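**Q** Quick one: the structure is below, questions incoming.
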Amino acid sequence: MLYSLNQLRPGSITVNKKDVEFFRNLLNQRIQELRTEAGKTVEDMDGDENFPDPTDRASMESNRNSVLRIRDRERKLIFKIQEALTRIEEGEFGICEECGAEIGIERLKARPVTTLCIECKSSQEIEEKKARSAV
């Protein structure tokens, strides 16, 4: 079953049990999609291709490197999804790890793996920007 963000309560600010179950299903669906794609990548790379032309070989290597970078980002996302699923199991999903406030449902819809409310995330980004500009 495919899950759509339209199934969430329109205009809702906080997360209820039905919403948590929706996010659990959405995250499980997404993790399965990522694992399937990773498996396809491994299968595609198993073929030993022979490119006599150096330009073709370089192009293939460049494409392979791009795919591997994408898969590495997806691997990190799988880890974040697993952490979000753990927070769901522990009853901590939708709670900001910085201030303890509820994370708004709109923020969770945009990024279900988030651990910070919008205020704490904004503060974190401002601090990071200050640190970068000080260097």
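Throughout, read-outs are computed from the coordinates displayed, never taken from laboratory work. This one's a predicted model, so the numbers in the text were calculated from it and none came from an experiment. Quick reminder, even Gly has a Cβ in these numbers, built from the backbone with ideal geometry, and neighbours come from all protein chains shown.
**Q** As I understand it, the dipole of the chain uses +1 on the Cβ of Lys and Arg and -1 on the Cβ of Asp and Glu, about the Cα centre. Which of 29, 65, 96 lies farthest toward its positive end?
**A** Looking along the dipole axis, the top candidate is 96.
**Q** Turning to a different aspect of this structure: With a Förster radius of 35 Å, plug the Cβ-Cβ distance of residue 66 and residue 111 into 1/(1 + (r/R0)^6) and report the FRET value to the nearest 0.05.
**A** For residue 66 and residue 111, the calculated efficiency is 0.90.
**Q** From the square roots a ≥ b ≥ c of the eigenvalues of the alpha-carbon gyration tensor of the chain, which class results: rounded (a/c under 1.5), prolate (a/b over b/c), or oblate?
**A** Here the chain falls in the oblate category.
**Q** Compute the angle between helix 54-89 and the longest alpha-carbon principal axis of the chain, please, reported from 0 to 90 degrees and rounded to the nearest 10.
**A** The answer is roughly 20 degrees.
**Q** Another question, then. Return the distance in nm (one decimal) between the two label points of a simple spin-label model at residue 126 and residue 32, each offset 7 Å from Cα along Cα→Cβ.
**A** 4.3
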